[in-house]
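Heads up, the thing below is written out as structure tokens.
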Amino acid sequence: MIDSYVKAGKIVSKIRDDALKMIKDGTLVIDLVEYVENEIIKNDAGIAFPCNVSINEIAAHYTSPYADETKINAGDMVKLDLGAHIDGFIADSAITIIADGKNLDEKIDSDRLNRNEEIVEASAAALDAAIGTVKAGVEIGKIGEAVHEAISKYKLNPISNLSGHSLEQHNLHAGISIPNINNHDTTKLEEGQAIAIEPFATDGVGFVNDAPGTYIFSFMADKPFRMKQTQQVLNHIENNYPYLPFSGRWLTEKFKASRLQRSLKQLSDAMAIYPYHPLKEKAGCWVSQKEHTVIVESDGCMITTD
Ligand code: MN
Ligand code: MN
């Protein structure tokens, strides 16, 4: 089990670091997400969830739809969040960078650029601080406190309604939430637990709301549908993605994109599948994120995605 977590972690780290080089002015988001997802498969691992590329005020849950034309622009705050699994044991990691490009200094005010770099630094510092607190017996509210403190030093806010999570085999969000503020949760970490810690920092209010569009879903329940295609889509989802999130884009290999949208809407409305909406910072301010998966040890933790 630990071996599988470690192996998945190594794969995710390597792909993350390679994919970072693609984040620059003019890159199509779909090229980036497809690169990441294809590399996971090439490494004989499973895709734990669609590769997320969330830009600027979008904190999470954006992945390219079919034929996405979204481009990365110089100066954008780009969050790359990816996950792979070996036999269901998941590595989940994210990183944020400011997209490079020609004449970046001329395009964006240097004060703004420096502030954006600080937002990126803050989530990284918060992740380090959080990981520093992790060991068996620690109350999870204390991890959130460390995140909040580290981000406050930059006069920035954590996103209070986003959190990390425990991981179990084939289960990305396995029940325990790792907060980004001290929510006074006294649940204690246990040795051998796998958890993903993911601080988000912003110069906004530190709260996200659902934004329009749905690009990521997960299977919830088998239900009967009168429309033949909708039933076929649900059967395909249940057979291929029974536990882990999937992308609408993946389904276009089997179903026509033009008709898929309607089926996914019907399935979501009937709660046969769960729609993850993109999450947008409430004040429209930019957001950074950094995430590692760790295994809790008696006197610390092992980072699998370092
Ligand atoms: Mn993640
Ligand atoms: Mn995560």
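The numbers here are math on the coordinates, done by the rules we state, and not lab data. Nothing here was measured: the structure is a model prediction, and the numbers come from that model. Counting neighbours? That spans all protein chains shown, and the Cβs are built from the backbone with ideal geometry, glycine included.
General observations
- Reference-scaled alpha-carbon Rg (2.2 N^0.38 Å with N residues) for the stretch 122-194: 1.07
- With the biggest extent put first, the Cα atoms of the stretch 1-154 measure 49, 40, 22 Å across the principal axes.
- Footprinting exposure proxy for C285, C51 (fewest neighbouring C-beta atoms within 10 Å first): C285, C51
- Mean sequence separation of contacting Cα pairs (under 8 Å, at least six apart), scaled by the length of the stretch 1-107, corresponds to a relative contact order of 35 percent.
- At most 12 other Cβ within 10 Å, DSSP loop - GluC sites (Glu not before Pro), the stretch 1-101: E69
- Potential lengthening between N161 and S258 on full extension [0.36 nm per residue; Cα-Cα distance subtracted]: 31.5 nm
- Prolate/oblate/rounded call for the chain, Cα gyration tensor, a/c under 1.5 rounded: oblate
- The stretch 128-157 residues near the modelled D299 label - backbone nitrogen below 18 Å, point 7 Å along Cα→Cβ: 132-138
- Estimated inter-spin distance, D210 and D44, nm [label 7 Å along Cα→Cβ]: 4.2 nm
- Sequence-distant lysines (8 or more away, or on other chains) whose Cα lies within less than 21 Å of K142: K153, K155, K188, K290
- Relative contact order [Cα under 8 Å, 6+ residues apart], the chain, whole percent: 24 percent
- With R₀ fixed at 35 Å, the C-beta to C-beta distance from M1 to N240 puts the FRET efficiency at about 0.90.
- Between the alpha-carbon centres of the stretch 97-152 and the stretch 46-86 there is a gap of 18 Å.
- What separates the Cα centres of the stretch 1-37 and the stretch 183-210 is a distance of 22 Å.
- Taking every C-alpha pair closer than 8 Å and separated by at least 6 residues, the mean separation divided by the residue count of the stretch 188-249 gives a relative contact order of 40 percent.
- Total formal charge among the other residues, if their Cβ is under 11 angstrom from that of G9, Lys/Arg +1 and Asp/Glu -1: +1
- By the count of other C-beta atoms within 10 Å, a proxy for reagent exposure, T96, T133, T293 are ordered fewest to most as T133, T96, T293.
- Qualifying GluC sites (Glu not before Pro) in the stretch 221-289, where qualification requires a DSSP coil assignment and no more than 14 other C-beta atoms within 10 Å, comprise E253.
- Value of [θ]222 nm, deg cm²/dmol, for the chain, DSSP H segments ≥ 4, -39500 (n - 2.57) each, nearest 500: -11000 deg cm²/dmol
- Extension gain, D105 to D18: 0.36 nm times the residue separation minus the Cα-Cα distance gives 28.8 nm.
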